[in-house]
Amino acid sequence: MTVDPNAAARGVPEPAGRGPGPARFLVPVLVACAVAVALGVYGSVHEPTGTAFDLAGFSSTGAVKAWLASASMFFALVQLASAPMLYGKLPGPVWSGALHRWSGRAAFLIAVPVAVHCLYALGYQTYGTRVMWHSVLGCFFFGAFSAKMLLLRRERLPGLLLPIVGGLVFTVLTVIWLTSALWFFRTFGVTT
């Protein structure tokens, strides 16, 4: 079973003389900008504490963050694999929609403590190219994710808009993972 997220709502007539225009995308774009800028400003003005959390069984907060980021990346890969099933482009089980939604929720919920630690313990930093891109894209990710969540509730979206925004969110998360977890594992080894 596939779900068409762009299907018109049943029984809801289109207002006379008003077709869907680009202004309906203004709120998600403004929210995305506000979230990204707010996170960047907070990270810039907040005095970094050095640590925000520790989990038993891990050697450092860096290891915790690397493993949590890797788990989030795993669920993002599940999202990537289940999206074509959701749109009917690949055959998949009837529960592919639930798999897509729940893997997205898991990816986001696992990414939140990592982001909290980055912002609270380390702040917004630009002392090196890798760190600068990680800071910029970390803020951008949560803004883009916010926009995607708001767009999901819109009706009659242009056909490729959700896949493009979803692909953008996935790509940004991948670069964030590459500049953090992969860097950590290559620098300090795959440790817990």
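Here are the numbers for this structure:
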read-out	value
Net charge contributed by nearby residues that have their C-beta within less than 15 Å of Ser72 (K/R +1, D/E -1)	+2
Environment charge at Leu122 (Cβ cut-off 12 Å; Lys +1, Arg +1, Asp -1, Glu -1)	0
Region 70-192, accessible area per residue, ligands and nucleic acids excluded (1.4 Å, Å²)	54
Per-pair calculated FRET efficiency, R0 = 45 Å: His46 and Lys89 via Cβ, rounded to 0.05	0.55
Extension gain (nm, one decimal) between Arg154 and Leu109, 0.36 nm per residue minus Cα-Cα	13.9 nm
Rounded tilt (10° steps) of 96-117 against the dominant C-alpha axis of the chain	40
Cα-based shape type of region 66-173, given that a ≥ b ≥ c are square roots of the gyration tensor eigenvalues and the cut on a/c is 1.5	prolate
Label of the coordinate-derived value, Cα Rg over 2.2 N^0.38 Å, listed as [x] 1.16; [y] 1.29; [z] 1.01	[x]
The chain, accessible surface, carbon-and-sulfur percent (1.4 angstrom probe)	72
Heavy-atom SASA rank of Thr191, Thr126 (probe 1.4 Å, accessible area, largest first)	Thr126, Thr191
Neighbourhood net charge (13 Å Cβ-Cβ; Lys/Arg +1, Asp/Glu -1) for Trp183	+3
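The values are calculated or read from the model by the stated rules, or taken from the named source; none is laboratory data. It should be emphasised that the depicted structure is a prediction, and the values quoted were computed from it without experimental measurement. Ideal geometry is used to build each Cβ from the backbone, glycine not excepted, and the neighbour counts take in all protein chains shown. Please note that ligands, DNA and RNA were not included when accessible areas were found on the heavy atoms of the full protein model with its side chains. Shrake-Rupley method; radii C 1.70, N 1.55, O 1.52, S 1.80 Å.
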